[in-house]
């Protein structure tokens, strides 16, 4: 799995058309925006989503641990349909984490 630059990541406006995503230690990416104002607004939204990636990855890793712990600790104690739901969502989170970390 790949490593990533530690967060927090921030979005900076370079000029009227370009955005940059930076971390305290380095430059992450530059987005060159084209198109209408609506498209450029979407570009800023995309940049904000990219910049939030390290925080979201950390939150997903914690949520996965909690869901798996709850499912394991609750076996035979609560509604098993609920436990299956926790496992289902933990599996979805695992897939998203693996995608973010570059696992095939």
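Throughout, read-outs are computed from the coordinates displayed, never taken from laboratory work. Predicted, not measured: the structure shown is a model, and the values here were computed from it. So basically every Cβ, Gly included, is an ideal-geometry build from the backbone, and we count neighbours across all protein chains shown.
Fewest neighbouring Cβ atoms within 10 Å first, the residues 25, 95 line up as 25, 95. Altogether, the Stokes-Einstein calculation at 37 °C and 0.692 mPa s, with the Kirkwood radius of the chain over Cα pairs as Rh, returns a diffusion coefficient of 205 µm²/s.
Based on C-alpha pairs under 8 angstrom that are at least 6 apart in sequence, the chain has a relative contact order of 26 percent. Here, P(r) means the percent of Cα pairs in each 5 Å bin from 0 to the largest distance; for the stretch 10-51 it is 6, 27, 35, 21, 8, 3, 1.
Between 77, 92, 30, the Gaussian network model of the chain with springs among Cα atoms under 10 angstrom shows the greatest mean-square fluctuation at 77. Computed from Cα atoms, the angle from the helix 80-100 axis to the main principal axis of the chain rounds to 30 degrees. Largest GNM mean-square fluctuation among 51, 17, 63, using the chain with Cα springs under 10 Å: 17.
Mind pulling the angle between the C-alpha long axis of helix 37-51 and the longest principal axis of the chain? Nearest 10 degrees, somewhere in 0 to 90. Taking the Cα atoms of the chain, the angle to 37-51 is about 50 degrees. Ellipticity at 222 nm from helices only: DSSP H runs of n ≥ 4 in the chain, each -39500 (n - 2.57), divided by the residue count, give -19000 deg cm²/dmol.
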